[in-house]
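Notes follow the structure.
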Amino acid sequence: MLDWLASKEGFLLTHYGFEGKHYTRSGNTITLLADNSGTGSGTPEAPDWLSTWSFFTPEAPMALGLQVIDPRLTERDKEIREFLAQLLTKPKLGVTLSPPIGIDVSAFRSKQNELLITLLFSDKSGARWPEYYADLMDNYYGKEIIANFEQQVREAAR
């Protein structure tokens, strides 16, 4: 089963759904169908294939020699995708981040969640975000937490 999932056919099923229903194929060109391209919707008609098997079949159609055409992408989307593809990246660092000793990250996260809920459902605006951000950074050790994480990532990247 796992060998099949790693194959081109398994990749196509887990990422794009059923041929003829969710996409068409001509050689190595996959064209997503606009009305069915939401294979990540999680409905019975279009199960959430990608999130179910993404641990085993990463998003890399080019590794299998496939070109994917998504009719939902605008020209601007394509320009952004091309720009991002040109950026230099490093392999994953594999570092475990830990908070500074003596700082309760759960208090920070609880307050952050509370403020985000307020922002989304009560304020219904981002107008007060700078105030909420300052509260998190100043009163819940946000600056120290982020500085500590940054230091750990920089040390791991050396």
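A short reminder: the numbers here are calculations on the coordinates, not readings from a lab. Bear in mind that the values here come from a model prediction, so they are computed numbers and not experimental data. Counting neighbours? That spans all protein chains shown, and the Cβs are built from the backbone with ideal geometry, glycine included.
Couple of notes before you dig in:
- For Leu97 and Ala60, a Förster radius of 30 Å and the Cβ-Cβ distance give a FRET efficiency of 0.70, rounded to the nearest 0.05.
- For region 105-157, the C-alpha radius of gyration sits at 1.32 times the compact-globule guess of 2.2 N^0.38 Å, with N the residue count.
- Taking a point 7 Å from the Cα of Asp70 along the Cα-to-Cβ direction, the residues of region 2-26 with backbone N closer than 12 Å to it are 16.
- Charge-dipole axis of region 105-157 as Lys and Arg at +1 and Asp and Glu at -1 on Cβ define it, positive-most pick from Phe121, Ala134, Ser106: Phe121
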